[in-house]
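Working notes, structure below.
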Amino acid sequence: MTKSSPRDSLRFDRSSPPLLIVLSGPSGAGKDALLARLRETECPLEYITTLTTRARREKERDNLDYHFVSPDRFQEMIKNNELLEWANVYGNWYGVPRQPVKAALEQGRDTIVKVDAQGAATIKRLLPQAVFVFLMPPSVAELSERLTQRRTESPFDLALRIKTAEGEIEKLPLFDYVIVNRHGEIDQAVAKIKAIIAAEKCRAEPRRVIL
């Protein structure tokens, strides 16, 4: 019979707790495109759909791109503590539903949410162990061009979004990672998100998000 050594009793359990990834960045940086491409590559994440009171744009799909709700319903959800975070952005309300995030984490699923910089700051205070990723364009000039080509904002709104973007970029110290999303290089941005997830799974002291 072979004798066992003390080393034989060692067990290396490297299973890590689920990650909560908070994706942020200025309007026009490509957050929606990045999430859509992640889905297409079948990246095993729980994608949390943001709530908004703004009108649905052409080609947007309810309950996939956003959950479109009335202002009254949104305020009711705030009152009932159904939102993880919420903010008024450009005159419309946006928020992250609490229950789907909680359920996904409890089931051990890595989860990703999309918020603006203000929302990221709120989640950072509540759940500092989340992974905060900021997506940004190569320059403000390119961001302006992207927003112009989108043709969804008036000249006034366009100027407001650019000014807001400049303020959001100044909040980079809030974030753990920064990804520059260059035109035509969405797959490279997706690869970086996956690399961030892989790196986080190798942490000596895993992040533990408790909601």
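The values are calculated or read from the model by the stated rules, or taken from the named source; none is laboratory data. This structure is a prediction, so every number in the text was calculated from the model and none was measured. Neighbour counts are summed over all protein chains in view; Cβ atoms, including those assigned to glycine, are modelled from backbone coordinates with ideal geometry.
Identify the single condition in (1) part of a loop (DSSP other than H, G, I, E, B); (2) under 12 Å from G28 (Cβ atoms) that T164 does not satisfy, given that it satisfies every other one.
The one condition T164 does not meet is (1).
When the residues of region 67-89 are narrowed to those that are assigned to a strand (DSSP E or B) and out of contact with any strand residue (DSSP E or B) (no Cβ under 7 Å at 6 or more places or on another chain), which ends up surrounded by the fewest Cβ atoms within 10 Å (Cβ to Cβ)? Can you show your working first?
Restricting attention to region 67-89, the residues satisfying the condition of being assigned to a strand (DSSP E or B) are 67-68, 83-89.
The next check asks that each one be out of contact with any strand residue (DSSP E or B) (no Cβ under 7 Å at 6 or more places or on another chain); those that pass are 88-89.
Values: N88: 11, V89: 18.
Taking the candidates together, the pick is N88.
Under the condition of being hydroxyl-bearing (S, T, Y) and in contact (Cβ under 8 Å) with a residue 60 or more places away in the chain, which residue from region 45-91 is nearest to P18 (Cα to Cα)? Give the steps one after another, and end with the answer.
At the first step, the residues of region 45-91 found to be hydroxyl-bearing (S, T, Y) are 47, 49-50, 52-53, 66, 70, 90.
Among the residues that remain, those that are also in contact (Cβ under 8 Å) with a residue 60 or more places away in the chain are: 47, 50, 90.
On the way: Y47: 13, T50: 20, Y90: 33 Å.
Here the residue is Y47.
Name the single residue, out of those in region 167-196 being within 13 Å of G28 (Cα to Cα) and assigned to a loop (DSSP other than H, G, I, E, B), that is modelled with the lowest pLDDT.
Ranking the qualifying residues of region 167-196, first place goes to H183.
Which of the residues belonging to region 179-211 are more than 16 Å from the chain's Cα centre (by Cα), of a type in the set (G, A, S) and either under 16 Å from F132 (Cβ atoms) or surrounded by 13 or more Cβ atoms within 10 Å (Cβ to Cβ) (or both)?
Listed by number, the list holds a single entry, A199.
Could you grab me the full set of residues in region 43-75 that are among the acidic types (D, E) and over 15 Å from the mean Cα position of the chain (by Cα)?
E58, E60, D62, D72
Would you mind stating whether L64 is exposed (fewer than 12 other Cβ atoms within 10 Å of the Cβ) and among the aliphatic types (A, V, I, L, M)? Give the steps one after another, and end with the answer.
On the way: exposed (fewer than 12 other Cβ atoms within 10 Å of the Cβ): yes; among the aliphatic types (A, V, I, L, M): yes.
It is true that L64 is exposed (fewer than 12 other Cβ atoms within 10 Å of the Cβ) and among the aliphatic types (A, V, I, L, M).
Could we say that S139 is of a type in the set (S, T, Y), exposed (fewer than 15 other Cβ atoms within 10 Å of the Cβ) and either in contact with a Pro (Cβ under 7 Å, 6 or more places away or on another chain) or over 20 Å from A120 (Cβ atoms) (or both) here? So that I can check it myself, show each step before the final result.
Details: of a type in the set (S, T, Y): yes; exposed (fewer than 15 other Cβ atoms within 10 Å of the Cβ): yes; either in contact with a Pro (Cβ under 7 Å, 6 or more places away or on another chain) or over 20 Å from A120 (Cβ atoms) (or both): yes.
When the stated conditions are applied, S139 passes them.
Across region 94-138, what is the number of residues that are within 21 Å of E166 (Cα to Cα), of a type outside the set (A, V, I, L, M) and either outside any loop (DSSP other than H, G, I, E, B) or more than 15 Å from the chain's Cα centre (by Cα) (or both)?
Residues meeting the conditions: 10.
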